[in-house]
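Here the structure is laid out as structure tokens; the discussion comes afterwards.
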Amino acid sequence: MEHSCRIGSEETSPPYDGRPVELTATFLPGLAPFVRAELNEIGGVRGVRDLGQRSELSFGYRGPLRELFNLRTVLAPYRVLSFGVPRPRTLLASEHLQRIVDAVSTVQTLNPDLPPRSIRIDAAGSDSATYARIAAELENLTGLPRDQEEGNCHLRFRRSSAGGGWDVLVRLSTRPLSLREWRTGGYPGGLNATIAAAIVRMTRPSAHDHYLNLMCGSGTLLVERLLAAPVARAVGIDYSDAAIGAARTNLRAAGLGRTTQLLAADLRDADVLEPMAFNVVVSDPPWGDKHGSHRENRELYDMLLRRAATAAPPGATLVVITPEVRLMNGLLKATKEWKAEQHFQVDAKGHHPHIYAMRRVR
């Protein structure tokens, strides 16, 4: 089949940064309220809506597409191309292929530092002859081969949510936004950055915050907080020298190397924390898989709540993420120092941790 499609031409490439376009944002299940709030803060975003997808929100957008790469709670933004066709095979028509090619051209423009190398197709029946033919035509037109393992130009094919047609979703970024460029310090069990960004939003960041990250690990909650807004003071504490080293590396990579005090210390030492010094405390304690054990967590989590109470005055905020739900619920019933104000589940890498937001009480 011969096609007249061209990639990147002035005649065929639509002005995505000028006209309203239809987009969808993917995220980890449980984070929808945070994603919706973040999208509504962006100028040019209109009509954020749920079309029945568990981990997606759709919206219209008029503005520079590159600005969407600054989203913190979103895994990735996708351009939505809707086709009134009965089956995927019909997308092989030149006018339909051209729209897909134009979207791939936009991906190339938006990612000069990490351009598309190959195409990955996600669809029901993606191994069929139809999708093999679509991939071959796209390779011919764009020069990008199909690579289902490493393809960084991600295309998703699915039935239109409106019915009666098909949508092609083209990821605007060549890597998920959750893969932060600053994450260069390796340490097992690092918290997903989009979850960390949601936790930061829960604390309602203020430039007057005195922010404490207990059991800080590789510093994800520190970096995300410091990137969100100025802070009066930020301190990270972990018993592991390796964790502190990774946190220092990540902070430096994010351009925040001199803004945080990092302490390698054991929380069993009662003198390690300044009393009543922090109005925001966050923690991603060991879950008992990569670090620690479920047996040890009973003592560890109890100590976490007590040490946080020492460091925080009445009215302070504490946010903890953990899959140890039964343990945390029991500790919160027993404590007189913390009152749970919000509690919900998120999904991450096969785990289903819960996030607890608490208020320090007298």
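Summary table below
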| quantity | calculated |
| --- | --- |
| Conditions (1) touching a Gly at 6+ places or on another chain (Cβ under 8 Å); (2) modelled with pLDDT under 95; (3) on the phi < 0 side of the Ramachandran plot: number failed by Gly186 | (1) |
| Region 108-137, residues that are in contact (Cβ under 8 Å) with a residue 60 or more places away in the chain and touching a His at 6+ places or on another chain (Cβ under 9 Å) | Glu137 |
| Test: Thr12 is β-branched (Val, Ile, Thr) and at pLDDT 95 or above | no |
| Only one of Ala197, Ala207 that is outside the structural domain of Pro86 (by TED's automatic domain parsing), within 30 Å of Thr260 (Cα to Cα), modelled with pLDDT of 95 or more and not in a loop (DSSP other than H, G, I, E, B) | Ala197 |
| Leu318 at pLDDT 95 or above, in contact with a Phe, Trp or Tyr (Cβ under 9 Å, 6 or more places away or on another chain) and over 22 Å from Leu262 (Cβ atoms) | no |
| All helices (runs of 4 or more DSSP H) inside region 218-325 with 3 or more residues being in contact with a strand residue (DSSP E or B) (Cβ under 7 Å, 6 or more places away or on another chain) and crowded, with 21+ Cβ neighbours inside 10 Å | 220-228, 294-311 |
| Residues (more than 23 Å from Glu274 (Cα to Cα) and touching a Pro at 6+ places or on another chain (Cβ under 8 Å)) located in region 196-241 | Ala228, Ala229 |
| Total residues in region 243-272, condition over 23 Å from the mean Cα position of the chain (by Cα), among the small types (Gly, Ala, Ser) and under 20 Å from Arg180 (Cα atoms) | 1 |
| Conditions (1) crowded, with 19+ Cβ neighbours inside 10 Å; (2) out of contact with any Cys (no Cβ under 8 Å at 6 or more places or on another chain); number of the one not met by Ala136 | (1) |
| Enumeration of residues in region 199-215 that are over 20 Å from Asp269 (Cα atoms) and polar (S, T, N, Q) | Thr203, Ser206 |
| Residue list for region 141-164, restricted to those being more than 16 Å from Tyr78 (Cβ to Cβ) and either free of Cβ contacts under 8 Å to residues at least 12 places away in the same chain or exposed (fewer than 15 other Cβ atoms within 10 Å of the Cβ) (or both) | Gly143, Pro145, Gln148, Glu149, Glu150, Ala162, Gly163, Gly164 |
| Which numbered condition Leu177 fails, given (1) without any contact (Cβ under 8 Å) to a residue 24 or more places away in the chain; (2) crowded, with 20+ Cβ neighbours inside 10 Å | (1) |
| Residue within region 187-199 that is more than 21 Å from Ile355 (Cα to Cα) and not polar (S, T, N, Q) present | yes |
| Residue list for region 333-362, filter: surrounded by 12 or more Cβ atoms within 10 Å (Cβ to Cβ), without any contact (Cβ under 8 Å) to a residue 60 or more places away in the chain and part of a loop (DSSP other than H, G, I, E, B) | Thr335, Glu337, His352, Val361 |
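The values are calculated or read from the model by the stated rules, or taken from the named source; none is laboratory data. Please read these numbers as outputs of a predicted model, since none were measured by experiment. Glycine also receives a Cβ, built like all others from the backbone with ideal geometry; neighbour counts cover every protein chain displayed.
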